[in-house]
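One structure below.
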Amino acid sequence: MAPFISTIPVSDLALNAQLRTNERKHSGYGGNFDKCELLEMLQYTCEVEGDKVVCRPVERLFRRCKDKNRGFLVETTALEKKSSTL
């Protein structure tokens, strides 16, 4: 099973994305999501309704960013949804 990952408020996402899991900063990454590639993933949530199984899509959005050494992913679903409604 994957390890637990804490939820970060949208207001803190850009700041927290600058940190690696060991609390050190990503070198060469300044926290600007506009420079990161936007990726979309569809997952499905399914429920039994009577004698049918009904599945609905759940869209998740990520940004693939690069630091000095390698790339990393940040889930930005809440951030992207918030900015699209402004």
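Only the coordinates and a few stated rules stand behind these numbers; no lab work does. Treat the numbers as computed from the prediction; the structure is a model and nothing was measured. Glycine also receives a Cβ, built like all others from the backbone with ideal geometry; neighbour counts cover every protein chain displayed.
Descriptive notes on the structure:
- Where a residue in region 66-83 is surrounded by 12 or more Cβ atoms within 10 Å (Cβ to Cβ) and its partner, wherever it lies, is of a type in the set (Ser, Thr, Tyr) and assigned to a loop (DSSP other than H, G, I, E, B), with Cβ under 8 Å and at least six apart: Lys66/Tyr29; Asp67/Ser27; Asp67/Tyr29
- Breaking point among (1) surrounded by fewer than 10 Cβ atoms within 10 Å (Cβ to Cβ); (2) assigned to a loop (DSSP other than H, G, I, E, B), for Gly30: (1)
- Residue, farthest from Ala17 (Cα to Cα), within region 39-86, restricted to residues that are outside any strand (DSSP E or B) and in contact with a His (Cβ under 8 Å, 6 or more places away or on another chain): Lys68
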